[in-house]
């Protein structure tokens, strides 16, 4: 690799310069061509059809936070992928879910994971949850020119704050604007419907299992109303991806557990297709 | 106005090597041992913040003795190298061999360039494999050479003596507690042959544990866990290993 082996094979000066603990800063100084934000796009006319990821939901419970996503990626009105995974562990106590242009989003997540790990290794300490959320802001902002050309990436970041001992959720806009959400949040094309469902059935005192069911209900409603969001696919055994962050760290709920919950939800929907009802008053 | 004294290249190199070796010999040693489930790093280091042993990548760790600012610089360089390589290719494409090569080139170039002061450091780069026979341990002396090591290795002040002590007693298939006890025993032997007592507070211990479920196999052993491991083994040695002590 050109980056790592100059004629002598010794580490280039940039590698041995003390200072920044950020992998992004290092990449910007040493190999700026690898930074996603530094690419120039040709001037385009009209929409380009690229795979898009869709709905991500997140909600906090006592002692943790859940981040979940559907599995569909769409390209215009074609289903590009049925079993895409859109929720990734960012580090031991946090996860990021992505909506928007899939290719760019996956690359952003890879870089974000590396940014957190790199800081941890260089400093010997982890970033605060706010610090992590801010780094993600910077990365989204770096993608602004592409976002304005239609290649937006809008993630949802959730994690367990080990200092405050609770789960927290951060949502973003395409300019990198960051806002902390209380209770629950959603992003992506089906987010409007998912948020509507959570608004009605979310309670602070739900257990982890109850909240997982609530999240599946929300994704089911999103899939019900939005063609770009995929619902539980029993025939192919493709179920929403649910991750939980608690004091014990990041955990992906096993497919078998999600399948059981999803079946309960579907059984309920056979009785009442619109899902559980909340009181009028 | 006066011509500088002629110094033969052999002499110049010998002087530089002498300089580096003296700097390294001033510090305490670090030992690295293979055990059944991985590789254990033990350093005598009273500081909790300034590490001699650190994580580089998923399966790769780094240990160093000598001048702190110099090996810290090399450590950061190594982390950047590994992360960049893993980002450009894949996480599996980052290897201890590649990293050791880059370190050797760096140390070698610095050692032989007249304008730069030679680094007073000695490094160990180790990678834990899926099985003990896949483990790799490289020792990198100050002059840019690489030594491929097996079993147990020591670097730093008293490394010759500690190294031979370890070579005689290390065997394959040791448990973590056994390997740790041997490491502590070797470190607590002074140059004059007398024994010192090393407590958990004076030790920095870390492992590359192949049984860890996470992709990142590096783990520091701290506080209570370390005390427990040390006590478990000292209890066992007093009852079983007495004859070997009398041999000395």
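The values are calculated or read from the model by the stated rules, or taken from the named source; none is laboratory data. Just so you know, these numbers come straight off a predicted model, no measurement behind them. For neighbour counting, all protein chains shown are included, and Cβ atoms are generated from backbone atoms with ideal geometry for every residue, glycine included.
Note on the range B:152-168: among residues that are surrounded by 15 or more Cβ atoms within 10 Å (Cβ to Cβ) and over 11 Å from residue B:31 (Cβ atoms), the one that is modelled with the lowest pLDDT is B:157. Restricting attention to the range B:99-150, which residues are part of a strand (DSSP E or B) and within 14 Å of another protein chain (Cβ to nearest Cβ)? Listed by number, the residues that qualify are B:121, B:123, B:125, B:140.
Rundown of residues vs (1) surrounded by 19 or more Cβ atoms within 10 Å (Cβ to Cβ); (2) closer than 23 Å to residue B:149 by Cβ; (3) modelled with pLDDT of 95 or more, yes/no style:
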{"residue": "B:103", "(1), (2), (3)": "yes, yes, yes"}
{"residue": "B:112", "(1), (2), (3)": "no, no, no"}
{"residue": "B:118", "(1), (2), (3)": "yes, yes, no"}
{"residue": "B:123", "(1), (2), (3)": "yes, yes, yes"}
{"residue": "B:128", "(1), (2), (3)": "yes, yes, yes"}
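Annotation: residue B:89 fulfils all but one of (1) under 29 Å from residue B:112 (Cα atoms); (2) within 14 Å of another protein chain (Cβ to nearest Cβ); the unmet one is (1).
Looking at this structure, is residue A:180 surrounded by fewer than 21 Cβ atoms within 10 Å (Cβ to Cβ) and in contact (Cβ under 8 Å) with a residue 60 or more places away in the chain? Answer is no for this residue. The number of residues in the range B:183-200 being modelled with pLDDT of 90 or more and under 17 Å from residue B:53 (Cβ atoms) comes to 4. Taking the conditions (1) in a helix (DSSP H, G or I); (2) away from chain A (no Cβ under 11 Å); (3) in contact with a helix residue (DSSP H, G or I) (Cβ under 9 Å, 6 or more places away or on another chain) in turn, residue B:12 satisfies each one other than (3).
Each residue in the range A:125-151 was checked for being in contact with a helix residue (DSSP H, G or I) (Cβ under 7 Å, 6 or more places away or on another chain), assigned to a helix (DSSP H, G or I) and free of Cβ contacts under 8 Å to residues at least 60 places away in the same chain, and 2 pass. Scanning the range B:179-192 turns up at least one residue that is more than 23 Å from residue B:47 (Cα to Cα) and surrounded by fewer than 20 Cβ atoms within 10 Å (Cβ to Cβ). Name every residue in the range A:221-256 that is in contact with a helix residue (DSSP H, G or I) (Cβ under 6 Å, 6 or more places away or on another chain), crowded, with 23+ Cβ neighbours inside 10 Å and assigned to a helix (DSSP H, G or I), in order of residue number. Result: A:221, A:222.
So which helices (runs of 4 or more DSSP H) stay within the range A:11-124 end to end and still have 2 or more residues that are within 12 Å of another protein chain (Cβ to nearest Cβ) and buried (at least 20 other Cβ atoms within 10 Å of the Cβ)? By residue number, A:23-30, A:102-123. Within the span defined as the range B:54-71, one or more residues are more than 24 Å from residue B:219 (Cβ to Cβ), free of Cβ contacts under 8 Å to residues at least 12 places away in the same chain, at the interface with chain A (Cβ under 10 Å from one of its Cβ atoms) and out of contact with any strand residue (DSSP E or B) (no Cβ under 6 Å at 6 or more places or on another chain). In the set (1) in a loop (DSSP other than H, G, I, E, B); (2) farther than 26 Å from residue B:222 by Cβ; (3) at pLDDT 90 or above, residue B:51 fails one condition alone, (2). Within the range B:197-221, the residues that satisfy the criterion of being out of contact with any strand residue (DSSP E or B) (no Cβ under 8 Å at 6 or more places or on another chain) and part of a loop (DSSP other than H, G, I, E, B) are B:197, B:199, B:213, B:214, B:215.
Taken over the range A:179-189, the criterion of being within 28 Å of residue A:145 (Cα to Cα) and more than 14 Å from the chain's Cα centre (by Cα) is satisfied by A:179, A:180, A:181.
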